[in-house]
Amino acid sequence: MNGLLAVFRGEFRRIFALRPVFSVLVVGSIFYAVLYPQPYLNEALRNVPIAIVDGDGTVTSRELARRVDATTDVAVTMVLPDLVSAEREVYARRIFGFLVIPRNFERDVLHGRASPIALYADASYFLVYQRVSGGVVAVARTLGAEVETARLIGIGVDPVLASAASDPLQLTAVPLFNPQGGYATYVLPGAFVLLLQQILLMGVGLLGTLPGADPGINATDGLRPGPLATVAGKMLAYLLFEALILPLYLIALPYLYGLPRLGGVVPILIMAVPFVLAVSGLGLVVAAIFKNPLRVQLVVATIGLPFFFLAGFAWPTEVIPDAVHVASLLVPSTSAIGGFTRLAQLGAPLADARSEFQILWGLAIFYGGVVWILEFRKRRRDGRNEGIGMA
């Protein structure tokens, strides 16, 4: 026990004493907490600039343009005479699309004939295209239903029946767990977990490769801590440090940035224990394999983006190949993101995140066992070298 406590104290002290580690674990955590959410603070994309090419110039076509401009999704910033000028403005990046209203639009609509309008939107930006197409389609359907209702009433149909006939399937969309339909509410909870993993992974990797990683002789009893005490002491030091950082990311930041939270604090902290232990064990394995601080930084920085896509929120898990998904479960963030999202954003009880909780504990035990084996083999090798030196 004395050896474990000595390793714990020494490792916790090294977090603040070693400048590279302090820069990553402390300064890096604060830096990303402040910087990373800034691009997403507006939540949803609003008022995407588009143009109108009105080939009809009638009351109905102008009403359509006015309603499109009134939506929160797009803003009509130009009214252009033809397709050539509209294309020129798109290529100049002054607008992200344009709506073409054909000649005789009003006449065809009033006579009950099809009068298709054409929307050209920049699909190279998926969110932009989604906003533009969604806003214009909603306005076009509403206006079309109103015109059809007025036409039916004009020929003597009861107004209630006319309204039902023109729009028989009225849809009320209720965005659950994301009231604003915002991108920040979707991406930030998972990104916070991934940031915690990458910062801790790099910090532990640096601690395992910089001078002082070997605890050496315990000054209290003159004995060197055993492999199990060494591994357990280090992981407890990382767990204590993350007890200060993790609540900032998973509890304080969602509150400060207005992200919906239905879950309690206690389930989040319970889930955090195996997550931190699993990442710490993985970091010690990385340090044992690469043995050099620079290599550790390069490797962790390189695998950050693949981990982002394997996590299942940037790209749906259902379309990831099964073999790749199974392999991704070896990364703690893959299970942790799903577990923390259920507990914090969806308000699920810990029992509903049981599979993720069990996987994280399995990873913590697995990586801890690997580190223990590596430490044990290192001690045996060092012992043989000392015996050869004495001989």
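The values are calculated or read from the model by the stated rules, or taken from the named source; none is laboratory data. Nothing here was measured: the structure is a model prediction, and the numbers come from that model. Every residue, glycine as well, gets a Cβ built from its backbone with ideal geometry; the counts of neighbours run over all protein chains shown. Note: accessible area is taken over every heavy atom of the protein model, side chains too, but ligands, DNA and RNA are not part of it. Shrake-Rupley method; radii C 1.70, N 1.55, O 1.52, S 1.80 Å.
Each row is one residue, and each column tells you yes or no for (1) surrounded by 17 or more Cβ atoms within 10 Å (Cβ to Cβ); (2) farther than 22 Å from Leu188 by Cα; (3) not small (Gly, Ala, Ser).
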site: Pro306; (1), (2), (3): no, no, yes
site: Phe313; (1), (2), (3): yes, no, yes
site: His325; (1), (2), (3): no, no, yes
site: Ala351; (1), (2), (3): no, yes, no
site: Arg354; (1), (2), (3): no, yes, yes
* Asked: Going through region 200-215 one residue at a time, which ones are assigned to a helix (DSSP H, G or I), more than 17 Å from Pro306 (Cβ to Cβ) and of a type in the set (A, V, I, L, M)?
  -> Leu200, Val204, Leu206, Leu207
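Within region 8-22, is there a residue that is over 26 Å from Thr209 (Cβ atoms) and not in a loop (DSSP other than H, G, I, E, B)? So that I can check it myself, show each step before the final result.
Let us first name the residues in region 8-22 that are over 26 Å from Thr209 (Cβ atoms), namely none.
No.
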* Scan of region 277-324 for residues that are polar (S, T, N, Q) and either in contact with a Cys (Cβ under 6 Å, 6 or more places away or on another chain) or in a loop (DSSP other than H, G, I, E, B) (or both), ordered by number -> Asn292
* **Any chance Ser355 is of a type in the set (S, T, N, Q) and in contact with a Ser or Thr (Cβ under 6 Å, 6 or more places away or on another chain)** => no
* Structure fact -> Restricted to region 136-157 and to residues being farther than 15 Å from Glu63 by Cα and assigned to a helix (DSSP H, G or I), the residue farthest from the chain's Cα centre (by Cα) is Gly154
* Is there a residue being at pLDDT below 80, within 30 Å of Gly347 (Cα to Cα) and open to solvent by less than 70 Å² (accessible area, probe 1.4 Å) anywhere in region 148-159? -> no
* Please find, within region 1-44, the residue that is surrounded by the fewest Cβ atoms within 10 Å (Cβ to Cβ) out of those that are modelled with pLDDT under 90 and hydroxyl-bearing (Ser, Thr, Tyr). => Tyr36
* **Candidates Tyr255, Tyr238 - the one that is among the hydroxyl-bearing types (Ser, Thr, Tyr) and open to solvent by 10 Å² or more (accessible area, probe 1.4 Å)** => Tyr255
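So which residues in region 122-135 are in a helix (DSSP H, G or I) and open to solvent by 30 Å² or more (accessible area, probe 1.4 Å), if there are any at all? If you could, list the steps in order and put the result at the bottom.
First, pick out the residues of region 122-135 that are in a helix (DSSP H, G or I): 126-135.
Correct list: Phe126, Leu127, Tyr129, Gln130, Arg131, Gly134.
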* Pairs, please: C-beta under 6 Å, at least 6 apart or cross-chain, first residue free of Cβ contacts under 8 Å to residues at least 24 places away in the same chain and in region 35-62, second in a loop (DSSP other than H, G, I, E, B) and open to solvent by 40 Å² or more (accessible area, probe 1.4 Å)? -> none
* Would you please list the contacts, defined by Cβ atoms under 6 Å and residues six or more apart or on different chains, that run from a residue in region 308-321 that is within 15 Å of Tyr183 (Cα to Cα) to a residue that is of a type outside the set (Asp, Glu)? => Phe313/Gly190; Ala314/Phe308; Trp315/Phe309
* Between residues in region 107-131 that are free of Cβ contacts under 8 Å to residues at least 24 places away in the same chain and residues that are part of a helix (DSSP H, G or I) and open to solvent by 90 Å² or more (accessible area, probe 1.4 Å), which pairs lie under 8 Å by C-beta distance while being six or more apart or on different chains? -> Ala123/Tyr129
* Asked: So which residues in region 331-349 are assigned to a loop (DSSP other than H, G, I, E, B) and surrounded by 15 or more Cβ atoms within 10 Å (Cβ to Cβ)?
  -> Val331, Leu346, Gly347, Ala348
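Against the definition (open to solvent by less than 10 Å² (accessible area, probe 1.4 Å) and in contact (Cβ under 8 Å) with a residue 24 or more places away in the chain), how does Leu195 come out, yes or no?
Values: open to solvent by less than 10 Å² (accessible area, probe 1.4 Å): no; in contact (Cβ under 8 Å) with a residue 24 or more places away in the chain: yes.
The answer is no for Leu195.
Here's the yes/no breakdown for (1) of a type in the set (Gly, Ala, Ser); (2) under 28 Å from Glu146 (Cα atoms):
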site	(1), (2)
Val74	no, yes
Thr77	no, yes
Glu89	no, no
Gly97	yes, yes
Val100	no, yes
Arg103	no, yes
Glu106	no, yes
Ser124	yes, no
* Structure fact -> Looking across region 168-192 at residues that are out of contact with any Leu (no Cβ under 6 Å at 6 or more places or on another chain) and among the β-branched types (Val, Ile, Thr), the single one that is surrounded by the most Cβ atoms within 10 Å (Cβ to Cβ) is Val187
